[in-house]
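Below: the structure, in structure tokens.
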Amino acid sequence: MTENISSSFGKRKYTGRILSGPYSAELKKNLLSSIAHFKALEGVGSPIIPYIAAWLPEGGHIWYEYAGAKLQELLGFNSTGVAGALRDNIITRCLYRVQDQPPTIDKIILDKAQIERLRDAMRSMAERGGGVDAVYKFDANGRPLWLKDLARIEMHDRDRIVLSYGTLIDVTKEMQLEETLVEVQSELKFHKENLESLVEERSRELKKAHLDVLARLTQATAFRDGGTGSHIKRLSQYCAVLGSSYGLSKNANNVLFHAVPMHDVGKLGIADSILQKPGPLSLEEFDIIKTHCQVGSDLLSEGQSTLLQVAQSIALNHHEKWDGSGYPQGLANRQIPLASRITSICDVFDALTSERPYKKAWHFDDAVEEVGRMRETYFDPNLVDLFMKEVPQMRTIYQRVPLGQ
Ligand SMILES: [Fe+2]
Ligand SMILES: [Fe+2]
């Protein structure tokens, strides 16, 4: 047996326990033949590092019956200390578990402390499963060393011993590449998130600037019209209430809210002498006033945003009437775009409750009644019905926003 051992190990010393211990001849024979196979494997310069580890089923430290010469070379220790050195130098252990649902690879990483704690549990799992398939990270004299371990576990009940026939492959390059990839991916993710929030911020700023410019435009119109802007403030809010009562989406209602104030931008093109005339207008003067719809529409035309497109349509159509007697095109019923039908009710209602150079402000309830009277002539009957339902909300707006143009 001693001869066999020395011929199997060559110059290296046998440091295991089985071949010189009280174990069956069959076990010793099998072990020797495995060592001879592993030696041959090493002899042909295979990159695989074979080993045979052993432990007692009741527990205790693992020891090595055989460990490939390359392992000692990589970790820098002699075979006597293989088990201890592997234990001491281990950093992490990864287990790649293939998941069926969905088909992915689940990476279980254990650090040194967890490995210490779970050592017995991992060993009995390997015994039950009949093998080990894991990747270990070692500290090899300050350098990281990754070894992939593929082992078959054999239980020898008669000899009360467990043997693990394993092969290690140096996968340091591959694992470093994977670590770099993970780093690059997390960096990329970080940049992407940063970029996304930057874009979001920029588009919020742009939207704000856009609305700001439009608000100034409508403010300018209100000033030309002799007002302070409170008419358009109330009007937007009335329209939003009616829009949401009609069932417009939050988004669409928001567009309506911001587009409505531009309904009279065309008045920028009407002479002061007509616009601010205190008395009644002549027919010719009224014809000039009527052009503010087309002028406004021209001013807002070719806008790229939905907001400008809706604003343009409202500017053009807000004086159309349900029965077709309005201007500038004489559209009737549903030919008049919805946003304009909503605007026209609220615009007239607010004009009634406001004081103008040529008239006193109507009482809130009288103005509501007047809107009801114009159901089906001036206004969309369905919208008038909704308006009546929303009178309490309209009253709140009327009371909250100071009167005046
Ligand atoms: Fe108008
Ligand atoms: Fe108006």
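The values are calculated or read from the model by the stated rules, or taken from the named source; none is laboratory data. These numbers were taken from a predicted model, which means no experiment stands behind them. So basically every Cβ, Gly included, is an ideal-geometry build from the backbone, and we count neighbours across all protein chains shown.
Once the stretch 299-318 is narrowed to residues that are away from ligand 1 (no atom under 14 Å from the Cβ) and in a helix (DSSP H, G or I), the residue that is surrounded by the fewest Cβ atoms within 10 Å (Cβ to Cβ) is Thr306. Is it true that Gln312 is more than 13 Å from Asp380 (Cβ to Cβ) and either touching a residue at least 40 places away in the same chain (Cβ under 8 Å) or not hydrophobic (A, V, I, L, M, F, W, C) (or both)? In short, yes. Looking across Leu281, Leu316, Leu307, one residue alone is aliphatic (A, V, I, L, M) and within 15 Å of ligand 2 (Cβ to nearest atom). It is Leu316.
Mind listing just one residue for me: the one in the stretch 341-356 that is touching a His at 6+ places or on another chain (Cβ under 9 Å) and β-branched (Val, Ile, Thr) and, of those, farthest from ligand 1 (Cβ to nearest atom)? Filtering first and then ranking leaves Thr353. Suppose the filter is hydroxyl-bearing (Ser, Thr, Tyr), surrounded by fewer than 21 Cβ atoms within 10 Å (Cβ to Cβ) and within 15 Å of ligand 2 (Cβ to nearest atom); does Ser354 pass it? For Ser354, the condition - hydroxyl-bearing (Ser, Thr, Tyr), surrounded by fewer than 21 Cβ atoms within 10 Å (Cβ to Cβ) and within 15 Å of ligand 2 (Cβ to nearest atom) - is met. Being at pLDDT 85 or above and closer than 30 Å to Lys28 by Cα holds for only one residue in Leu177, Leu150, Leu145, and it is Leu150.
Restricting attention to the stretch 105-163, the residues that are in contact (Cβ under 8 Å) with a residue 60 or more places away in the chain, of a type in the set (Gly, Ala, Ser) and out of contact with any strand residue (DSSP E or B) (no Cβ under 6 Å at 6 or more places or on another chain) total 1. Would you confirm whether any residue within the stretch 224-235 is more than 16 Å from ligand 2 (Cβ to nearest atom) and touching a residue at least 60 places away in the same chain (Cβ under 8 Å)? Checked the stretch 224-235: no residue is more than 16 Å from ligand 2 (Cβ to nearest atom) and touching a residue at least 60 places away in the same chain (Cβ under 8 Å).
The helices (runs of 4 or more DSSP H) found entirely in the stretch 188-278 that carry 2 or more residues being more than 19 Å from His319 (Cβ to Cβ) and over 41 Å from the mean Cα position of the chain (by Cα) are 272-275. Take the conditions part of a strand (DSSP E or B), within 18 Å of Lys173 (Cα to Cα) and out of contact with any His (no Cβ under 7 Å at 6 or more places or on another chain) and apply them to Ala151. Does it pass? No, not satisfied. Scanning the stretch 319-333 finds one or more residues that are in a helix (DSSP H, G or I) and either loosely packed, with under 15 Cβ neighbours inside 10 Å or within 11 Å of ligand 1 (Cβ to nearest atom) (or both).
Of the helices (runs of 4 or more DSSP H) that lie entirely inside the stretch 350-405, those containing 3 or more residues that are closer than 19 Å to Ile232 by Cα span 364-373, 391-400. The residue that is nearest to Tyr327 (Cα to Cα), counting only those in the stretch 279-298 that are part of a helix (DSSP H, G or I) and polar (S, T, N, Q), is Gln294. Any residue that is out of contact with any Ser or Thr (no Cβ under 7 Å at 6 or more places or on another chain) and more than 27 Å from Leu308 (Cα to Cα) - is there at least one of those in the stretch 329-349? Checked the stretch 329-349: no residue is out of contact with any Ser or Thr (no Cβ under 7 Å at 6 or more places or on another chain) and more than 27 Å from Leu308 (Cα to Cα).
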